Amino acid sequence: MLHYYIFSWFFYVAFAREAFGRNLLYDFHKSLGVLAMALLTWRILTLLQVWWKKYTKRLPKYSFKWMQKVALHTSLYIFMWAVPISGFFFSNSFKSNNVRFFGLTLPDLFPQNSDLVDLGRNIHFWLAYTFLAFIILHTIDQFKVVKGFWRRISKRKIKSS
């Protein structure tokens with residue numbers, strides 16, 4: 001998911017509006033957003049089923065640390081889902097039938113409304129960067145885990161060389 005956001009940021013910074021292939025990349029960006037939204041919805045429903053089965057048998061030990069983890073991960077999932085939804089809102093506000101999933105035009109979730117285009121753009125922009133800030137803070141908080149992960153990967157590369 002992080003790769004998608006880095007690609008999207010590079011895409012907007014690197015290409016001028018008149019650049020060749022920008023529309024293709026923009027449609028690809030929307031397709032990845034729709035794919036992320038669909039897969040994430042499926043993941044959230046699966047997690048809710050797992051939680052239901054787990055916590056109907058035995059309640060969790062409520063502690064401050066447990067509540068922090070739940071709040072953080074819930075926030076991350078909300079942002080992961082809200083960023084593509086806000087992009088859908090932005091695209092639908094701009095023009096009807098404006099979201100394609102790898103060439104297949106998707107039905108509108110929101111009505112076309114040119115008055116809401118700037119609002120949609122701002123919501124999509126700020127949600128994406130707030131989500132990125134949450135990812136960075138989470139990575140900093142989990143620095144030991146990230147450090148161990150990079151160590152394992154670097155050992156694999158050395159062994160395979």
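The values are calculated or read from the model by the stated rules, or taken from the named source; none is laboratory data. Quick caveat: nothing in here was measured; it's all calculated off a predicted structure. With ideal geometry, Cβ positions are generated from the backbone for all residues, glycine too; neighbour counts draw on all protein chains shown. Accessible surface areas use protein heavy atoms only, side chains included; no ligands, DNA or RNA. Shrake-Rupley method; radii C 1.70, N 1.55, O 1.52, S 1.80 Å.
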Tell me, please, whether a residue that is at pLDDT 85 or above, of a type outside the set (Gly, Ala, Ser) and open to solvent by less than 50 Å² (accessible area, probe 1.4 Å) can be found in segment 53-74.
yes
Pick from segment 93-145, criterion of a type in the set (D, E, K, R) and modelled with pLDDT of 85 or more, ranking: surrounded by the fewest Cβ atoms within 10 Å (Cβ to Cβ):
ASP115
What helices (runs of 4 or more DSSP H) lie completely within segment 56-161 and have 3 or more residues being within 30 Å of LEU24 (Cβ to Cβ) and in contact with a Lys or Arg (Cβ under 9 Å, 6 or more places away or on another chain)?
64-94
All but one of (1) out of contact with any strand residue (DSSP E or B) (no Cβ under 8 Å at 6 or more places or on another chain); (2) at pLDDT below 85; (3) open to solvent by less than 40 Å² (accessible area, probe 1.4 Å) hold for ALA14, so report the exception by its number.
(3)
The conditions are (1) out of contact with any His (no Cβ under 8 Å at 6 or more places or on another chain); (2) crowded, with 16+ Cβ neighbours inside 10 Å; (3) not aliphatic (A, V, I, L, M), and PHE90 fails exactly one of them. Which is it?
(1)
